[in-house]
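Inspection log for the structure reproduced underneath, given as structure tokens.
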Amino acid sequence: MLPHLLFRCFKGLCFIGREQKKNGKPLHKKVALITGSTSGIGKGIAESLANHGCDVIINGFGDQEEIKKLCADIAMTYSVRAEFVGADLSKVPEIEDLHEAILKLFPEGLDILVNNAGIQHLSPVESFPVEKWDFMISLMLSAPFHLTRLFLPYMKQKGWGRIINISSAHGHVASPNKCAYVSAKHGLIGLTKTVAVEVAGSGVTCNAICPGYVETPLFLKQAADRSKDQGISFEQAKSQIVGIHSSKEPVKIEQVGEIAAFLCSPAADQILGTSIMVDGGWTIK
Ligand code: NAD
């Protein structure tokens, strides 16, 4: 019985090996949803996963024509499926609609979920707008919970899955005027660890990536605001912000993308519940 089983496993592995070889890409036939992928880090992660052969679902706000072009470009450049499914992820009914829409496109559900969508708002805690707090917690902490609860069963069923939460250096340390952001990002680390211990041994992993400052529209807006508030040039504002990194250099979008792809590789099978710091040596100080 045992030799027969081993032979079947070996045949199975050879088949997987042949399939991958045929396409030459390790994530061939996997399906990933990357939230907030019409811009910045999310878009970079979608491109990295697609480059590794993954079909990608783009989500986020933006001009419909530009989003169509983004999907077409990804599909053509990487020879994968690239679909757009829109939703305001701060709203639970829209998350549930997105789940249904994805099942219509990919009836076997997701293999990879990247919880990335997020925004920033700066204000002292006593004047932090209440509706902004609610929105940011919904988008950056509750949406990852809802998407995890909805899509994890498909991953467990397949015996393989990856949940990657884009937290932040601010998931580990605080900065003034960012109470909602810092709270959501710390909370996301807690969710990551909890899901990781629950799924351990099932073939599914859950981890967080914690970038420092990455040159995206979210970062550039902070630099523009600082330049206006402090009467300094945009370039000075940018280097002041990035000055918190030991390296004094910003993180590149592609670097975060490739770390997400690494977390989807077999080398990362035993990486569970961790935070990968990509912060130019900010939080080690
Ligand atoms: P970005 O502004 O370039 O992109 C944000 C994305 O989220 C966009 O696609 C946007 O449409 C989408 N989005 C916003 N609100 C949404 C909503 N309600 N529903 C669905 N999608 C929504 O920002 P970014 O810098 O690429 O940030 C992406 C993630 O990385 C965020 O979670 C952010 O906190 C995190 N992060 C960014 C930095 C940085 O320096 N840029 C550093 C650490 C962590």
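The values are calculated or read from the model by the stated rules, or taken from the named source; none is laboratory data. Quick caveat, the model's predicted, so the values are computed rather than measured. Note that each Cβ is placed from the backbone with ideal geometry, even for glycine, and that neighbours are counted across all protein chains shown. Protein only, heavy atoms only, side chains kept; ligands, DNA and RNA dropped before computing areas. Shrake-Rupley method; radii C 1.70, N 1.55, O 1.52, S 1.80 Å.
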Original post:
Checking H186 against (1) free of Cβ contacts under 8 Å to residues at least 60 places away in the same chain; (2) of a type outside the set (A, V, I, L, M); (3) touching a helix residue (DSSP H, G or I) at 6+ places or on another chain (Cβ under 7 Å); (4) open to solvent by less than 40 Å² (accessible area, probe 1.4 Å), which test does it fail?
Top reply: (4)
**OP:** Can you tell me which residue among R149, R162 is open to solvent by 40 Å² or more (accessible area, probe 1.4 Å), more than 12 Å from the ligand (Cβ to nearest atom), under 22 Å from V56 (Cα atoms) and not aromatic (F, W, Y)?
**Re:** R149
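May I ask you to say which residue of S233, S227 is closer than 25 Å to S247 by Cβ, without any contact (Cβ under 8 Å) to a residue 40 or more places away in the chain and open to solvent by less than 40 Å² (accessible area, probe 1.4 Å)?
S227
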**OP:** Kindly indicate the residue of the range 74-101 that is aliphatic (A, V, I, L, M) and in contact with a strand residue (DSSP E or B) (Cβ under 6 Å, 6 or more places away or on another chain) and also nearest to the ligand (Cβ to nearest atom) among those meeting that condition.
**Re:** V85
Original post:
What are the residues in the range 104-144 that are among the aliphatic types (A, V, I, L, M), open to solvent by 30 Å² or more (accessible area, probe 1.4 Å) and within 27 Å of F84 (Cβ to Cβ), if any?
Top reply: L105, I119, I137, L141
**OP:** Might you check whether a residue that is touching a residue at least 60 places away in the same chain (Cβ under 8 Å) and buried (at least 18 other Cβ atoms within 10 Å of the Cβ) occurs anywhere in the range 238-256?
**Re:** yes
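Filter the range 249-270 down to residues that are of a type outside the set (D, E) and more than 13 Å from the ligand (Cβ to nearest atom), then give me how many there are.
9
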Original post:
Do we have any residue at all in the range 206-215 that's more than 13 Å from the ligand (Cβ to nearest atom), closer than 24 Å to F135 by Cβ, crowded, with 16+ Cβ neighbours inside 10 Å and not polar (S, T, N, Q)?
Top reply: no
Original post:
Counting only residues that are in a loop (DSSP other than H, G, I, E, B) and either over 19 Å from the mean Cα position of the chain (by Cα) or among the β-branched types (V, I, T) (or both), which one in the range 30-44 is surrounded by the fewest Cβ atoms within 10 Å (Cβ to Cβ)?
Top reply: T38
Subject >> Residue check for N116: within 22 Å of L147 (Cβ to Cβ) and either touching a residue at least 60 places away in the same chain (Cβ under 8 Å) or within 15 Å of the ligand (Cβ to nearest atom) (or both) >> reply: yes
Original post:
Given (1) in contact with a Cys (Cβ under 6 Å, 6 or more places away or on another chain); (2) closer than 18 Å to L218 by Cβ, where does A117 come up short, assuming only one miss?
Top reply: (1)
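Looking at S233, S246, can you tell me which residue is out of contact with any helix residue (DSSP H, G or I) (no Cβ under 7 Å at 6 or more places or on another chain), not assigned by TED's automatic domain parsing to the domain that holds I112 and not hydrophobic (A, V, I, L, M, F, W, C)? Talk me through it step by step, then tell me what you get.
Numbers: S233 fails: out of contact with any helix residue (DSSP H, G or I) (no Cβ under 7 Å at 6 or more places or on another chain).
Selected residue: S246, the only one of S233, S246 that is out of contact with any helix residue (DSSP H, G or I) (no Cβ under 7 Å at 6 or more places or on another chain), not assigned by TED's automatic domain parsing to the domain that holds I112 and not hydrophobic (A, V, I, L, M, F, W, C).
Tell me which residues, restricted to the range 144-192, are part of a helix (DSSP H, G or I) and over 26 Å from T216 (Cβ atoms). Working first, answer last.
Going through the range 144-192, the residues part of a helix (DSSP H, G or I) turn out to be 144-158, 169-171, 179-192.
Once the filter is applied, which keeps residues that are part of a helix (DSSP H, G or I) and over 26 Å from T216 (Cβ atoms), the range 144-192 yields R149, L150, L152, P153, Y154, M155, K156, Q157, K158.
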**OP:** Would you mind stating whether L110 is touching a residue at least 60 places away in the same chain (Cβ under 8 Å) and under 22 Å from L263 (Cβ atoms)?
**Re:** yes
